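This report concerns only the one structure given below.
The values are calculated or read from the model by the stated rules, or taken from the named source; none is laboratory data. Only a predicted model underlies this, so the values are computations on that prediction, with no experimental measurement involved. Here the Cβ positions follow ideal geometry from the backbone for every residue, glycine too, while neighbour counts run over all protein chains shown. Only protein heavy atoms, including side chains, enter the accessible area calculation; ligands, DNA and RNA are left aside. Shrake-Rupley method; radii C 1.70, N 1.55, O 1.52, S 1.80 Å.
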Amino acid sequence: MDTLETPVERVVASPEALALLDRLKTRHGEVMFYQSHGCCDGSTPMCLRVGEMTLGQGDVRLGSVGGVPFWVGRTQFEYLEGGQVLLHAKPGALGTFSLEDAEDMHFVATQRLWTDAEWAWLQAHPLDGV
């Protein structure tokens, strides 16, 4: 098994998602992502102004993209810990409270499974509070 020298990112973003995120930061200031669990809005990454939502003890900072923290609910973390979250931007509003809705866009999270080397690195470097 190969040993990784560089940190493994739990969440990464496509160039389109980063460009949309830059527009949202310019327009709204400091923002954050939150993805809980369940159906409807809860399974979609939501981009919110910092302070617009209160985080709870069960929330986990999965990582960050474009300098923006990406938070998930603990139940969602347990589901997502088996792979890297890939954040994309797609056309069309979803009718949510997420900031990109006003831009007629929405964020989508997909996932890819870890390689053995990535999983070994993650096991050696657990997230705080998890």
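Dipole magnitude for the chain: about 240 debye, using +1 per Lys or Arg Cβ and -1 per Asp or Glu Cβ, origin at the Cα centre. GNM remark for the chain: springs join alpha carbons under 10 Å apart, and the peak mean-square fluctuation among LEU20, LEU55, LEU80 falls on LEU55. Relative to the current alpha-carbon distance between ARG27 and LEU86, full extension at 0.36 nm per residue lengthens the span by 18.9 nm. Counting only protein heavy atoms and using a 1.4 Å probe, what share of the accessible area of the stretch 29-130 belongs to carbon plus sulfur, as a whole percent? Ligands and nucleic acids excluded, carbon and sulfur give 54 percent. Site pair VAL50 and GLN123 shows an inter-label distance of 3.5 nm when each label is modelled 7 Å from Cα along Cα→Cβ. Free of any GluC sites (Glu not before Pro) that DSSP assigns to a loop and that have at most 14 other C-beta atoms within 10 Å, the longest stretch within the chain is 53-130. Computing FRET efficiency as 1/(1 + (r/R0)^6) for ALA93 and LEU113, where r is the C-beta to C-beta distance and R0 is 30 Å, gives about 0.45.
Angle of helix 15-28 to the longest C-alpha principal axis of the chain, folded into 0 to 90 degrees and rounded to 10: 50°. Could you work out the relative contact order of the stretch 27-130, using alpha carbon pairs under 8 angstrom and six or more residues apart, expressed as a whole percent? About 24 percent, as a whole number.
At a probe radius of 1.4 angstrom, the accessible area of the stretch 38-94 per residue rounds to 49 square angstrom.
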